[in-house]
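Asks: I'd like to ask some things about the structure below.
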Amino acid sequence: MRGTRLAATAALCAVIAGCAKEAPKFAEALPPPPPPVVAPPPPPPPPPPPPPAPTSVANAPIVVTAERIRSQEMRDARSAVTVVGGETLNRMQAPSGTFIPPVQVPTDPGNERYDGEEVSPVKLTAAEPVSTFSVDVDTGAYANTRRFLSQGTLPPRDAVRTEEMVNYFRYDYAAPKDRSQPFTVSTDVAKSLWNPDTYLMRVGLRGYDIAAAERPPANLVFLLDVSGSMNAADKLPLVKTALAGLAGELGERDRVSIVVYAGAAGLVLEPTNDTGKIKRALESLSAGGSTAGGAGIELAYRIAEGTFIKGGVNRVILATDGDFNVGLSDTKALIELIEQKRDSGITLTTLGFGQGNYNEALMEQIADKGNGNYAYIDTALEAKKVLGDEMQSTLFTIAKDVKIQVEFNPAVIAQYRLIGYENRALREEDFDNDLVDAGEIGAGHQVTAIYEVVPAGTKGWIAPRKYADTPPAAAAAQIAEAATVKLRYKLPDGDTSKLIEGVVPTVALRSAALPKGDFAFAAAVAAYGQVLRGDELMKGFGFDDIGKLAGSQDNFWRQEFLQLNALAAGMKGG
């Protein structure tokens with residue numbers, strides 16, 4: 001039996017071997033494979049349609065254009081990136097239970113536009129005893145700097161204007177007793193913390209407050225950028241929040257219109273004081289399209305002129321990232337347009353939003369030329385501060401074309417420099433010229449200017465000159481006066497300026513001590529701005545020194561300043 005199985009196995013192996021030898025012959029006998037199938041080429045695309053016949057746009061209706069992303073594309077885009085936020089990270093805790101905060105990636109400011117000036121130079125009193133500048137109540141540079149620091153990066157030096165840092169805060173200046181003079185003027189002197197040979201001289205203004213029942217009616221035109229560049233969480237959605245809050249502060253006599261612009265401009269809400277209508281109109285807006293900002297400004301002024309309230313507040317409030325790219329987009333041309341419109345009694349406030357392509361240079365300049373103010377809105381809290389808590393200061397002007405001129409006595413002050421206000425400098429002859437435009441002060445507004453001065457006979461920044469003249473006899477005869485401070489202003493409906501004049505006594509320098517309280521905090525904020533600007537005359541005074549000078553604070557905004565200063569210290573190494 002076993003032999004039979006072995007024989008069968010051997011026979012099977014012989015058969016398999018024989019088949020293997022015959023395989024090549026079998027393959028040769030097969031027919032060749034068919035050629036591959038190639039699809040015919042697609043037909044050529046149809047020729048493009050002929051261009052439409054040119055049409056006249058002179059009398060065409062104004063239409064707001066927009067571009068919308070298809071919903072499927074939006075879903076695809078959302079699915080391409082996974083964003084891990086604070087709520088998710090709260091569930092993704094380390095084994096020890098320690099919370100891991102989300103990472104914020106700083107935005108490259110390369111496409112943002114700023115128009116910074118060089119730090120003011122030192123002046124020799126014997127050669128240039130007079131300093132003249134326009135007041136500034138803008139605060140945009142402070143909020144914009146906060147945005148950079150909060151994202152983990154130092155701001156560009158050109159984005160920092162020290163006077164806007166200082167004027168972001170309120171100080172303990174005395175209020176005016178009556179409206180015969182719309183603001184008070186205060187001066188004080190203290191020793192400098194960063195240079196033992198210099199002193200700080202502070203000039204402070206405070207405007208009178210208006211009770212809600214006394215304020216005039218407001219005719220406001222919200223001019224809103226709804227172009228594609230505003231399609232970000234910190235842009236159009238924040239605009240809606242900011243202006244909805246302002247709408248809630250208005251009264252029965254006030255009126256609000258809403259003009260929007262993208263590829264063109266259009267009126268989306270006729271004048272009303274119905275808060276519900278205003279908020280619904282704001283909520284209905286969406287972003288898309290190019291940016292015809294010039295057309296929007298022109299239309300907004302037309303609406304404001306058509307609804308003008310005599311004796312009231314007539315103001316356009318522009319909310320945008322400043323990225324004008326269609327029509328009138330040149331900065332100089334826009335400024336010329338704004339200058340023409342301000343003569344009609346309509347002022348302009350600019351509110352800046354967003355990052356990445358932000359045009360801060362345009363926002364600040366057109367607000368100044370439009371007899372208004374400029375603020376940067378980086379959070380809903382800042383929107384509430386500017387348009388809620390400080391609404392009266394933002395909207396209601398109590399003095400216009402306000403100029404400051406300080407004349408230093410060369411027998412007492414040898415050298416000086418003005419900290420900030422570089423882009424507000426005026427010529428000496430501009431002070432008495434009522435045709436020269438200057439800054440505005442709103443109800444309750446405060447303005448602070450700080451000079452750093454070197455007393456005569458003290459080592460200053462500039463070495464004594466071999467052939468320098470001695471102070472003139474007139475200066476020596478008034479040795480009791482260190483400086484004379486002058487202010488010129490016009491009432492909101494006036495064309496002729498009024499003068500306020502005061503003297504800083506020499507004894508103020510002799511009795512000066514280190515700054516305390518409010519003055520110390522103002523000096524700390526001024527130093528903060530100068531250090532961020534890279535001012536070489538700060539003599540190594542750093543952020544740690546600034547924190548000590550500012551001291552402990554119980555005000556929310558001042559506490560936030562201390563935190564921002566500490567952030568800057570960590571980024572720059574103290």
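Asks: Taking the stated definitions as given, is residue 557 open to solvent by 40 Å² or more (accessible area, probe 1.4 Å) and either in a loop (DSSP other than H, G, I, E, B) or at positive phi (or both)? Walk me through it before giving the result.
Replies: Values: open to solvent by 40 Å² or more (accessible area, probe 1.4 Å): yes; either in a loop (DSSP other than H, G, I, E, B) or at positive phi (or both): no.
Answer is no for this residue.
Asks: Here is a further query. Only residues in the range 418-439 that are acidic (Asp, Glu) count as the first member; pair them with residues that are open to solvent by less than 60 Å² (accessible area, probe 1.4 Å) and not in a loop (DSSP other than H, G, I, E, B), Cβ under 6 angstrom, at least 6 apart or cross-chain, and list the lot.
Replies: 428/130; 428/132
Asks: What are the residue pairs meeting all of these: first residue in the range 165-177, first residue free of Cβ contacts under 8 Å to residues at least 40 places away in the same chain and closer than 9 Å to residue 522 by Cα, second residue open to solvent by less than 60 Å² (accessible area, probe 1.4 Å) and part of a loop (DSSP other than H, G, I, E, B), Cβ atoms under 7 Å, and 6 or more apart or on different chains?
Replies: Taking only residues 6 or more apart or on different chains, not a single pair turns up.
Asks: For residue 466, are the conditions met, namely being part of a helix (DSSP H, G or I) and open to solvent by 60 Å² or more (accessible area, probe 1.4 Å)? Step through it out loud before you land on a result.
Replies: Values: part of a helix (DSSP H, G or I): no; open to solvent by 60 Å² or more (accessible area, probe 1.4 Å): yes.
No, not satisfied.
Asks: Here's a check for you: in the range 342-388, which residue that is within 15 Å of the chain's Cα centre (by Cα) and among the hydroxyl-bearing types (Ser, Thr, Tyr) is most open to solvent (accessible area, probe 1.4 Å)?
Replies: 379
Asks: Within the range 183-193, is even one residue in a loop (DSSP other than H, G, I, E, B) and open to solvent by 40 Å² or more (accessible area, probe 1.4 Å)? Full working, then the answer.
Replies: Of all residues in the range 183-193, those in a loop (DSSP other than H, G, I, E, B) come to 192-193.
Those still in the list that are open to solvent by 40 Å² or more (accessible area, probe 1.4 Å) too: 193.
Yes, some residue in the range 183-193 is in a loop (DSSP other than H, G, I, E, B) and open to solvent by 40 Å² or more (accessible area, probe 1.4 Å).
Asks: To continue, here is another question. Could you figure out which of (1) out of contact with any Pro (no Cβ under 8 Å at 6 or more places or on another chain); (2) crowded, with 22+ Cβ neighbours inside 10 Å isn't true of residue 200?
Replies: Unmet condition: (1).
Asks: Moving on. Quick test of your reading of the structure: residue 454 fulfils all but one of (1) modelled with pLDDT of 95 or more; (2) in contact with a helix residue (DSSP H, G or I) (Cβ under 8 Å, 6 or more places away or on another chain). Name the failing condition by number.
Replies: It is condition (2) that residue 454 fails.
Yes/no matrix, rows are residues, columns are (1) closer than 28 Å to residue 309 by Cβ; (2) out of contact with any Pro (no Cβ under 6 Å at 6 or more places or on another chain); (3) of a type in the set (A, V, I, L, M); (4) crowded, with 21+ Cβ neighbours inside 10 Å:
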| residue | (1), (2), (3), (4) |
| --- | --- |
| 398 | yes, no, yes, yes |
| 409 | no, yes, no, yes |
| 434 | yes, yes, no, no |
| 440 | yes, yes, no, yes |
| 453 | no, yes, yes, yes |
| 473 | no, yes, yes, no |
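Asks: If you go through the range 415-432 one residue at a time, how many are in a strand (DSSP E or B) and open to solvent by 30 Å² or more (accessible area, probe 1.4 Å)? Explain how you work it out, then say what you get.
Replies: Looking only at the range 415-432, we keep the residues that are in a strand (DSSP E or B), and these are 415-419, 425.
After this cut, where a residue has to be open to solvent by 30 Å² or more (accessible area, probe 1.4 Å) as well, the list is 425.
So the count comes out to 1.
For (1) modelled with pLDDT under 95; (2) within 28 Å of residue 147 (Cβ to Cβ); (3) of a type in the set (Ser, Thr, Tyr); (4) open to solvent by less than 50 Å² (accessible area, probe 1.4 Å), each residue gets a yes or a no:
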site: 204; (1), (2), (3), (4): no, yes, no, yes
site: 208; (1), (2), (3), (4): yes, no, yes, yes
site: 221; (1), (2), (3), (4): no, yes, no, yes
site: 263; (1), (2), (3), (4): yes, no, no, yes
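Asks: Checking residue 493 against (1) closer than 30 Å to residue 218 by Cα; (2) in contact with a strand residue (DSSP E or B) (Cβ under 7 Å, 6 or more places away or on another chain); (3) in a loop (DSSP other than H, G, I, E, B), only one condition comes out false. Which one?
Replies: Failed condition: (2).
Asks: On to the next question. Across the range 154-182, which residue is farthest from residue 486 (Cα to Cα) among those that are open to solvent by less than 20 Å² (accessible area, probe 1.4 Å) and not in a loop (DSSP other than H, G, I, E, B)?
Replies: 159
Asks: Among what's in the range 266-291 and is over 21 Å from residue 387 (Cβ atoms) and more than 24 Å from the chain's Cα centre (by Cα), pick the residue that is most open to solvent (accessible area, probe 1.4 Å). Explain how you work it out, then say what you get.
Replies: Going through the range 266-291, the residues over 21 Å from residue 387 (Cβ atoms) turn out to be 266-267, 270, 286, 288-291.
Adding the requirement that they be more than 24 Å from the chain's Cα centre (by Cα) leaves 266-267, 270.
Numbers: 266: 7, 267: 79, 270: 127 Å².
Checked the range 266-291; the qualifying residue most open to solvent (accessible area, probe 1.4 Å) is 270.
Asks: Something else: Can you work out which of the residues in the range 223-256 that are polar (S, T, N, Q) and buried (at least 21 other Cβ atoms within 10 Å of the Cβ) is farthest from residue 377 (Cα to Cα)? Full working, then the answer.
Replies: Start the filter on the range 223-256 by keeping residues that are polar (S, T, N, Q), which leaves 227, 229, 231, 241.
Those left that are additionally buried (at least 21 other Cβ atoms within 10 Å of the Cβ): 227, 229.
Values: 227: 18, 229: 16 Å.
Per the criteria, the residue is 227.
Asks: Now a separate question. Tally time: how many residues in the range 496-539 are among the polar types (S, T, N, Q) and out of contact with any strand residue (DSSP E or B) (no Cβ under 6 Å at 6 or more places or on another chain)? Can you show your working first?
Replies: First, the residues of the range 496-539 that are among the polar types (S, T, N, Q): 496-497, 506, 511, 530.
Next, from what is left, pick out any that are out of contact with any strand residue (DSSP E or B) (no Cβ under 6 Å at 6 or more places or on another chain): 496, 511, 530.
Residues in the range 496-539 being among the polar types (S, T, N, Q) and out of contact with any strand residue (DSSP E or B) (no Cβ under 6 Å at 6 or more places or on another chain): 3 in total.
Asks: Taking only pairs six or more apart or across chains, which ones have beta-carbon atoms under 7 Å, a first residue in the range 233-253 that is touching a residue at least 40 places away in the same chain (Cβ under 8 Å) and part of a helix (DSSP H, G or I), and a second residue that is of a type outside the set (S, T, N, Q) and surrounded by fewer than 16 Cβ atoms within 10 Å (Cβ to Cβ)?
Replies: Pairs found: 238/380; 240/283; 241/380; 245/388.
The values are calculated or read from the model by the stated rules, or taken from the named source; none is laboratory data. None of the values given here were measured: they were computed from a predicted structure. Counting neighbours? That spans all protein chains shown, and the Cβs are built from the backbone with ideal geometry, glycine included. What goes into the accessible areas is simple: the full protein's heavy atoms, side chains included, and nothing from ligands, DNA or RNA. Shrake-Rupley method; radii C 1.70, N 1.55, O 1.52, S 1.80 Å.
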